[in-house]
Amino acid sequence: MNWRIRLTWWDLTLLAVMAIGVVLAVVRYAGGIATVANINNAYPWGWWVGYGIMTMIAAGGVGFTITLLVEVFGVHRFHPLLRPAVLMALLCYSGAIIMLMVELGRPWMVWMILVSWAPTAALYEVGWCAFLYLSVLAFEFAQVPLEELGWGRVLRITRMIYMPLMLLGVTLSHLHQSSLGTLMTLIPHKINVLWWSEQLPLLYLFSAMMAGPALAILEYLAAARWLGFEPRMEMLASLARIEAWLVGLFLAFQVGDLVSRGAVGAALSGGWFALSFWVEIGLGLLLPFVLLILPEVRQSRGGLAMACALVLFGLLLHRLNVTVIGLRVRHWETYIPSLGEIGITLGITAGAMFVFGVLVRILPIHEELTPAPASPRRAVAPAAALRGARGLS
Amino acid sequence: MTTPAQKPKAMIQDNTRCIGCRACMVACKSWNNRPADHTDFFAGPGYQNPRDLDANNYTLITFNEIVTGAKPDWVFGRQLCMHCDHPACASACPTTALTKTALGPVVFNQNRCIGCRACMQACPFLIPKYDYENLAPLIHKCTFCADRVEAGLKPACATVCPTAAISFGDRDEMVAEAKRRIASAPGTYIPEIYGLDEVGGTSVLHLSSVPFDQIGYITGLPKTPMPDLTHRWLRVTPHFFALLYAVFAGLTWITHRRSKKQHEGKTA
Amino acid sequence: MTNHWIDMINADVVLIMGGNPAEDHPIAMNWLTRAKERGAYILHVDPRFNRTSSIADVFAKLRSGTDIAFVGGMIKYAIEKNRIHQEYVREYTNASWIVGDGYSFSDGLFSGFDPATNRYDRARWAYALDAQGQPRRDPTLKHPRCVFRLLEQHFARYDADTVCRITGTPKEAYLRVCDLYTSTFAPDRAGTWLYAMGTAQHSHGTQNIRSYAILQLLLGNIGVAGGGVNAMRGESNVQGSTDQGLNWDGLPGYLKMPVEADADLASYLKRVTPVAANAQSANWLQNTPKYVVSLLKAWWGEKATRENEFAFSYLPRLGSGFEGKGYAFLALTHAMLAGEVKGLFCFGQNPAVGGANARLIRSGLDKLDWMVVADLFEHETASFWKRPGVDPARIETEVFVLPAASGVEKEGSIVNSGRWAQWRHRAVKPIADSRPDLDIVDGLAQALKRAYEKDGVFPEPIRHLAWDYGHEPDPHKVARELNGRFLSDVTAADGARVAAGKQVPGFAQLRDDGSTMSGNWIYCGGYTEAGNLAARRGMADTSNGIGLYPEWAWAWPMNRRILYNRASVNRKGEPFNPRKWVIRWNAEKKAWEGDVPDGAMPPGETNPFIMQSSGVGHLFSPDLVDGPFPEHYEPVESPVRNLLSKIQSSPCAQVWKSSEFDKYGTPDVFPIVATTYRVSEHWQTGAMSRNMPWLVGLVPHPFVEIGSALAAREGIATGDRVIVSSARGSIEVRALVTERFQPFFVDGRLIDEIGLPWHWGYAGIVPGDIANDLTASVGDANSAIPETKVFLCNIKKKASA
């Protein structure tokens, strides 16, 4: 493990953003939520929930999606994406937890979820599942540093329970990703008809699945650029084709659901709601779908990056539309995220990116960068996934 | 402690008797120790102050001028927690900080609250409010004076209302009384009891002389309990879990065996 | 009230005029709600659709100051449609009495008017007398000079079209009110009439009330369950204060004050003791001497003897007052302004905000040498010397502010509008050194007595005061004294011997020979040997089930709940309405059942209105200074000419002109009618309620309610700051534009009217401009009550800085 890394200007920028976030968080704790945030009684959930929890957790779906692909469906050619995906998931969920600590009115009571029995509450399920899944992710990822540190005995134990844990992880992910949607089915009269649906749980699950490969591709391209390795474009193109299917199916699902609920009229009416809907569908689904089905795009770094970024944008907008923008309120009630809210979420995001950037430089996350097996301690043949060195392909 | 003889309670809010005096608002603040508001002139139509329920006002009288032709009318409505029989807020709370008690009130236990505000999102009547300025904020809403009700008293609002626009008693008696009033004076009341069937039934039954949407009420709510919507998904959670786990385990086994065979095949 | 609050549930029709009980007497709405449940109609007549109108069955809008036109039209309607309770009117009113030839009325003036003094010679309105000196009568009511015919003739001009042209009431609503209300003429239907400050605070306020009384008498609604002329008193214990003689011109129990011309007790008693007009009159006030002597004995005890005419000379005499206008509030404030008043005790009142022409009043306060304020908060009057715009260094008044205990911090009784004296116990001890008024007055009296012990001008009235309420003044001692006791052993009416020191069981036992004392004869019977009856809380009703609750507290007089209740039965003692009977004669037991009868004598010839020397209800009343019949006049400040006669406003109204603040506006400069009123959330001048944060949170700032049409013309939107001005001043308030206050179609054109709640001043949590800065020093001809309910104003949106 090479502890010594050089902090680039990007690292320093991230650190600065993190610092601002920390300061804002201190203000939040010292002065109350109202000192930094604009959320109010009409909009009890705003940017923090929409981005910091809903979207971050959905983005964390990269973990279970890639794990599903590689470990469950056995598509080993995507193996190089696995470790980064698990790490990203771990950081996304950690980030979401940190966001929660800021967002909750009484974060010091959060443990109360664990000692309660509230099976009718979607948030209860989300809380438990996220908590368990975070543990699973930590376990999954722990293999990497443990490998590097050469803690063989621990590693063996970890590897033994890896399989059931991995399965637990992907199962839990399905549960809580969909439960985030279940949460919003509770308020049909409060969410604009364009977004409320009885199928919200499935919509949320599928959008998280859709986001996974997009984030994985985006990260891979970024890592290739920043860490200086040659990206395997065929792998990416292959994944991009799968992603195209996912986006297309999701688009069909969402539009089909809209039509079956008789909400087409609302989509065609004027107004801000319709506008947001079309931006979400158009920029977030339709455009990336068109891009991804084009082979030229799939083989181009820039094209892929653009398409995947759009997908992630669409994910964010979808979550915001359901939870915040699409909320039906009285005409005098408004909400615009404050700079404080945005600052804290940027701080958390920057933190995740910073930690990710540091870890990928000191741990063998990207196979393209991993040196030849150097540690003599690896006496046991690698069991299932998360193998170091070059994976099978 | 409720004795077996105490039946679930309900309240009638008869807006045809309400004179908008707001003794209920003041009595509520008194009983719940809420601080005064710093208002500027009037916030809502007429004398309405504040504009909406908030962390310091658990009940609110709405002032509604309704003009028919040249004839004015002033109709008052009241907003307060409906103490639903199947409360969406209690269902959405991940720590069971909100519970429906046997006597009717939906009570809030601040010792369990984590401040996630799911109840605020969930409530179809937009009732729970938050004091965001507080360092240790809490959910604020009408408590139905649960402590008074337990002691056999009426809620503070029902006690002070000078015109008995607010009645309180056993739910079956209140329902019967509400129906009786409508039947005995059909020219006075519109034939609707707001809160009887909404979202599966509530503990506050409103009567009015004009359609409820004209006096600030949220209308068009479904008659089925809100928690049914999430319940239908959440109750299959264990099944979903078991099924998915089994499916994924099976798939993993299959694909690993295949790749192991390939691997063996290659290295063999 | 002739009746009481609970009695309203017995009404078939409730007419609320000049009052807004939903906002100003909200507890009363309980009874009105129950009346509605029983099928009663609620009719609300008011310039503005307010919270009372919201529960009324019929709302009829009325331009402020035109009540007599409205009710006069109802009188004409009743007479024309023969909706008269014939037997009642014939037997129990002076309808059949013949009026002498000296009376006439023409073009707005009654006979006997002297334009030099603005006074009537009321002797001109005397009845025609027969050989025995009794008023002549025509029981057939056909004689053209009988009261009934004169009444009919007087109100002949008040047809519905003319009335609606004056009042601006839509005719359909007006006729509906007439129809519904006069339906109570039937013996089995009763109508109750509720009114408050909107009726009284006019230059013809007393005549306003007279018009209600006339109509109620015609319909047979006085003395019956669910009837009556019922004033909703403006303060929670103003009934108590007038009962105890706190009015400037009265003694306790509504006894008249001596005047300078009363040389001695005998001539005073001769002047104030009415003589029965006829044999059928019980003329209860013939007992006045007993009450006066008992009062004197209460005040001066052993020092009041036969020899010194029971200390009659110790009583102050009413003079002609300031500028010959007495010492009612308007005169008092003008006297203060003229520097004629050295000192002022101001207890539980805030005239700097609550009085008419308030700028005049505040300037008057500047002239005082000293002022003692007893109140809960340092209100505008207490802090007049540091009010905005004055330099405290220039004001030489020495101000003492004595913190007073609130109603829950002291024991005693409060009398409600229904004459119920309800005893209250102390809930908490007064905070800090705040004290009950009793303690404060007791301390003052003791100090005065000590001072006058040494010397003083005419010291005897103070020195000889029988003043002992205990080392810590005990309200029970006061209450017992008000009831009164025997001062020597006497033989009671039933022959029994009563020892000295025993409480008098009722005022029928008071004597004029000095053997009894009673601080207030109408309270005699309330604190007897049986105890403090005002403290009772019995829940049993009488057998007639009309909500009398005779064991709950104690009503004066003698726990009679419905006054003049002998008018509810015929000459045989049979109730006109057996379903809701008040009293009835049980021939077997030879006793009355139900309420305490108003006159215990058996049924027969004695007439029911025992407090009138005539014994009957007065359709025609020579007792008021401005006319025996009410006549519509415009308010002193009015935008239109009087459509009924050439006399524009009440000729006997007290219109002050002597000070620089006495300015009057004309419609060309001030074209809008203004009125003042209250809201439920605040109380009077806000001295208490604007120190209550919860109440301030509900209604923080002063505002004016204006109709949407006027607002549109002036470019005013709700929330805008506007300047409302009158000839006497201008104030800045926020505007509330509403559909509930629309212009009146009067004599072919639209007259705008706006309204101002008057709760604000410069003290309290939230200050605001004082609405009474705009009202004028105009007093009612009979009572001198100020005409604060109608004046002329103008309104403009405040120009932004």
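The values are calculated or read from the model by the stated rules, or taken from the named source; none is laboratory data. Please read all numbers here as calculations on a predicted model, not as lab measurements. Cβ placement follows ideal geometry from the backbone for every residue including glycine, while neighbour counts extend to all protein chains displayed.
Yes/no matrix, rows are residues, columns are (1) more than 22 Å from B:Cys93 (Cβ to Cβ); (2) buried (at least 24 other Cβ atoms within 10 Å of the Cβ):
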{"residue": "A:Leu91", "(1), (2)": "yes, yes"}
{"residue": "A:Met101", "(1), (2)": "no, no"}
{"residue": "A:Trp111", "(1), (2)": "no, no"}
{"residue": "A:Glu125", "(1), (2)": "no, yes"}
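Scan segment A:175-188 and give yes if some residue there is hydrophobic (A, V, I, L, M, F, W, C), farther than 18 Å from A:Trp45 by Cβ and assigned to a helix (DSSP H, G or I), otherwise no.
Going through segment A:175-188, the residues hydrophobic (A, V, I, L, M, F, W, C) turn out to be A:175, A:180, A:183-184, A:186-187.
Going one step further and asking which of them are farther than 18 Å from A:Trp45 by Cβ, we end up with A:175.
When the remaining residues are screened for being assigned to a helix (DSSP H, G or I), the result is A:175.
Yes, that holds for at least one residue.
Table: residues versus (1) under 28 Å from C:Leu218 (Cβ atoms); (2) touching a strand residue (DSSP E or B) at 6+ places or on another chain (Cβ under 7 Å).
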| position | (1), (2) |
| --- | --- |
| C:Gly531 | no, no |
| C:Tyr549 | no, no |
| C:Pro557 | yes, no |
| C:Arg571 | yes, no |
| C:Trp592 | yes, yes |
| C:Asp595 | yes, yes |
| C:Met601 | yes, no |
| C:Gly604 | yes, no |
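Give me the pairs: first residue in segment C:395-414 and closer than 20 Å to C:Arg536 by Cα, second residue exposed (fewer than 15 other Cβ atoms within 10 Å of the Cβ) and among the polar types (S, T, N, Q), beta-carbon distance under 9 Å, and six or more apart or on different chains, which are they?
What qualifies is C:Gly407/C:Ser236; C:Ile414/C:Ser236.
For segment A:43-55, give me the residue count where each residue is more than 8 Å from chain B (Cβ to nearest Cβ) and more than 15 Å from A:Ile98 (Cα to Cα).
Final tally of qualifying residues: 2.
Among the residues of segment C:404-416, what is the count of those that are surrounded by fewer than 22 Cβ atoms within 10 Å (Cβ to Cβ) and closer than 21 Å to C:Asp7 by Cβ?
Within segment C:404-416, residues that are surrounded by fewer than 22 Cβ atoms within 10 Å (Cβ to Cβ) and closer than 21 Å to C:Asp7 by Cβ number 1.
Let me confirm something: among C:Gly253, C:Gly245, which residue is part of a helix (DSSP H, G or I), crowded, with 17+ Cβ neighbours inside 10 Å and within 21 Å of the chain's Cα centre (by Cα)?
C:Gly253
Name every residue in segment C:376-387 that is touching a Pro at 6+ places or on another chain (Cβ under 9 Å) and either assigned to a helix (DSSP H, G or I) or at pLDDT below 95 (or both), in order of residue number.
C:Trp385, C:Lys386
Just checking, how many residues over segment B:45-60 are of a type in the set (A, V, I, L, M, F, W, C) and more than 9 Å from every other protein chain (Cβ to nearest Cβ)?
1
When you go through A:Trp195, A:Trp111 one by one, which is the residue that is modelled with pLDDT of 90 or more, in a loop (DSSP other than H, G, I, E, B) and within 23 Å of A:Gly60 (Cβ to Cβ)?
So the residue among A:Trp195, A:Trp111 that is modelled with pLDDT of 90 or more, in a loop (DSSP other than H, G, I, E, B) and within 23 Å of A:Gly60 (Cβ to Cβ) is A:Trp195.
Which of the helices (runs of 4 or more DSSP H) contained wholly in segment C:20-119 include at least 3 residues that are more than 10 Å from every other protein chain (Cβ to nearest Cβ) and either out of contact with any Asp or Glu (no Cβ under 6 Å at 6 or more places or on another chain) or not β-branched (Val, Ile, Thr) (or both)?
Counting at least 3 such residues, we get C:67-80, C:86-92.
Inspect segment B:80-89 for any residue being part of a strand (DSSP E or B), within 23 Å of B:Gln214 (Cβ to Cβ) and more than 11 Å from every other protein chain (Cβ to nearest Cβ) and give the result as yes or no.
Narrowing segment B:80-89 to residues part of a strand (DSSP E or B): none.
Looking through segment B:80-89, none of the residues is part of a strand (DSSP E or B), within 23 Å of B:Gln214 (Cβ to Cβ) and more than 11 Å from every other protein chain (Cβ to nearest Cβ).
Do you know which residues across segment C:756-795 are in contact with a helix residue (DSSP H, G or I) (Cβ under 6 Å, 6 or more places away or on another chain), of a type in the set (Val, Ile, Thr) and within 25 Å of C:Ile209 (Cα to Cα)?
Once the filter is applied, which keeps residues that are in contact with a helix residue (DSSP H, G or I) (Cβ under 6 Å, 6 or more places away or on another chain), of a type in the set (Val, Ile, Thr) and within 25 Å of C:Ile209 (Cα to Cα), segment C:756-795 yields only C:Ile785.
Can you tell me which residues in segment B:194-234 are more than 14 Å from chain A (Cβ to nearest Cβ), under 16 Å from the mean Cα position of the chain (by Cα) and surrounded by 18 or more Cβ atoms within 10 Å (Cβ to Cβ)?
Across segment B:194-234, the qualifying residues are B:Tyr194, B:Gly195, B:Gly201, B:Thr202, B:Ser203, B:Val204, B:Leu205, B:His206.
Pairs, please: C-beta under 6 Å, at least 6 apart or cross-chain, first residue closer than 27 Å to B:Asn49 by Cβ and within 14 Å of another protein chain (Cβ to nearest Cβ) and in segment C:658-679, second modelled with pLDDT of 95 or more and in a loop (DSSP other than H, G, I, E, B)?
Listed pairs, sorted by first residue: C:Val679/C:Val699.
Being more than 9 Å from every other protein chain (Cβ to nearest Cβ), in a strand (DSSP E or B) and either farther than 30 Å from C:Asp46 by Cβ or over 12 Å from the mean Cα position of the chain (by Cα) (or both) is the filter here; which residues of segment B:67-79 pass it?
B:Thr68, B:Gly77, B:Arg78
Just checking, does segment A:170-187 include any residue being more than 9 Å from chain B (Cβ to nearest Cβ) and β-branched (Val, Ile, Thr)?
no
For every residue, the table says whether it meets (1) in a strand (DSSP E or B); (2) among the aliphatic types (A, V, I, L, M); (3) within 14 Å of chain A (Cβ to nearest Cβ).
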residue	(1), (2), (3)
B:Cys119	no, no, yes
B:Ile127	no, yes, yes
B:Pro137	no, no, yes
B:Phe144	no, no, no
B:Ala158	no, yes, no
B:Thr163	no, no, no
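Suppose the filter is assigned to a helix (DSSP H, G or I), facing another protein chain (nearest Cβ under 8 Å) and among the aliphatic types (A, V, I, L, M); does B:Leu251 pass it?
Taking the combined requirement at face value, the residue satisfies it.
Just to verify a result, which residue in segment C:448-498, among those that are of a type in the set (Val, Ile, Thr) and touching a strand residue (DSSP E or B) at 6+ places or on another chain (Cβ under 7 Å), is surrounded by the fewest Cβ atoms within 10 Å (Cβ to Cβ)?
First, pick out the residues of segment C:448-498 that are of a type in the set (Val, Ile, Thr): C:457, C:462, C:478, C:490-491, C:498.
Filter once more, keeping what is touching a strand residue (DSSP E or B) at 6+ places or on another chain (Cβ under 7 Å): C:490-491, C:498.
Details: C:Val490: 19, C:Thr491: 9, C:Val498: 19.
Top of the filtered list is C:Thr491.
Considering only residues that are outside any loop (DSSP other than H, G, I, E, B), more than 29 Å from the chain's Cα centre (by Cα) and surrounded by fewer than 22 Cβ atoms within 10 Å (Cβ to Cβ), which ones fall in segment C:138-152?
If the condition is that a residue be outside any loop (DSSP other than H, G, I, E, B), more than 29 Å from the chain's Cα centre (by Cα) and surrounded by fewer than 22 Cβ atoms within 10 Å (Cβ to Cβ), then C:Arg149 is the only one that fits.
Output the number of the condition that C:Gly240 fails; it satisfies all remaining conditions of (1) surrounded by fewer than 23 Cβ atoms within 10 Å (Cβ to Cβ); (2) at positive phi.
Tallying (1) surrounded by fewer than 23 Cβ atoms within 10 Å (Cβ to Cβ); (2) at positive phi, C:Gly240 fails exactly one: (2).
I'm trying to understand the selection: among the residues of segment A:23-52, which are within 23 Å of A:Glu333 (Cα to Cα), hydrophobic (A, V, I, L, M, F, W, C) and surrounded by 19 or more Cβ atoms within 10 Å (Cβ to Cβ)?
A:Ile33, A:Val36, A:Ala37, A:Ile39, A:Trp45, A:Trp47, A:Trp48, A:Val49
Hey, does segment B:100-107 have a residue that's in contact (Cβ under 8 Å) with a residue 12 or more places away in the chain, among the charged types (D, E, K, R), within 14 Å of chain A (Cβ to nearest Cβ) and within 21 Å of B:Pro225 (Cα to Cα)? Before the answer, list the steps.
Residues of segment B:100-107 in contact (Cβ under 8 Å) with a residue 12 or more places away in the chain: B:100-107.
If we keep only those that are among the charged types (D, E, K, R) as well, we get B:100.
Going one step further and asking which of them are within 14 Å of chain A (Cβ to nearest Cβ), we end up with B:100.
Now restrict to residues that are within 21 Å of B:Pro225 (Cα to Cα): B:100.
For segment B:100-107, residues in contact (Cβ under 8 Å) with a residue 12 or more places away in the chain, among the charged types (D, E, K, R), within 14 Å of chain A (Cβ to nearest Cβ) and within 21 Å of B:Pro225 (Cα to Cα): present.
Can you work out which of the residues in segment C:521-568 that are assigned to a helix (DSSP H, G or I) and among the small types (Gly, Ala, Ser) is nearest to C:Gln509 (Cα to Cα)?
Across segment C:521-568, the extreme among qualifying residues is C:Ala534.
From the list C:Val373, C:Val390, C:Val341, which residue is touching a strand residue (DSSP E or B) at 6+ places or on another chain (Cβ under 8 Å) and not in a helix (DSSP H, G or I)?
C:Val373
Please note which helices (runs of 4 or more DSSP H) are completely contained in segment A:284-356 and include at least 3 residues that are surrounded by fewer than 21 Cβ atoms within 10 Å (Cβ to Cβ), away from chain B (no Cβ under 14 Å) and touching a residue at least 60 places away in the same chain (Cβ under 8 Å).
By residue number, A:301-320.
Can C:Thr675 be described as among the hydroxyl-bearing types (Ser, Thr, Tyr) and in a loop (DSSP other than H, G, I, E, B)?
no
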